[in-house]
Amino acid sequence: SAPAAISGAADAAGGVPTRFALCGAWPNPFNPSTQIAFDLPAATHVKLVVMDARGRVVRTLVDGSRDAGRSVEIWDGLSDAGQAMPSGVYFAHLSSAVGIETKKLVLVR
């Protein structure tokens, strides 16, 4: 099960989340991969990208519809071109019609 650090808000019945949230990544710092969790209160189009410290998109993890609930995506430390990214600070950036959130990721090689 997911650690408490990435648990999100859910309704009283413990079902569909009540709010849009980028819950974070686990493990973080990470090597070689990390799980990025987010909650959606309703089905919507989402875009989840990993950006470098300069704000450039290095990897697109999701660009499409997701159902309401918790989603978990894995970033393997690679760019869209398949290159291993160097150690450093990156950002998971989640955007949709209902919100935008960003969380820091630390890759340690």
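Annotations
- For the chain, size of Cβ-based charge dipole, Lys and Arg +1, Asp and Glu -1, in debye: 280 debye
- Computed over protein heavy atoms with a 1.4 Å probe, the accessible surface of the chain works out to 53 Å² per residue.
- FRET efficiency estimate (nearest 0.05) - Cβ-Cβ, residue 43 to residue 102, R0 22 angstrom: 0.50
- FRET efficiency for the pair residue 26 and residue 51, taken as 1/(1 + (r/R0)^6) with r the Cβ-Cβ distance and R0 = 25 Å, rounds to 0.85.
- The chain: C-alpha gyration tensor shape, a/c 1.5 cut-off, then a/b vs b/c: prolate
- Overall, the accessible surface of segment 35-109 at a probe of 1.4 angstrom is composed of carbon and sulfur to the extent of 51 percent.
The values are calculated or read from the model by the stated rules, or taken from the named source; none is laboratory data. Bear in mind the structure is a predicted one, so any value in this text is a computation, not a measurement. Cβ sites come from the backbone with ideal geometry, for glycine too, and all protein chains shown count toward neighbours. The protein model used for the area step is the full one, side chains on, heavy atoms only, and it has no ligands, DNA or RNA in it. Shrake-Rupley method; radii C 1.70, N 1.55, O 1.52, S 1.80 Å.
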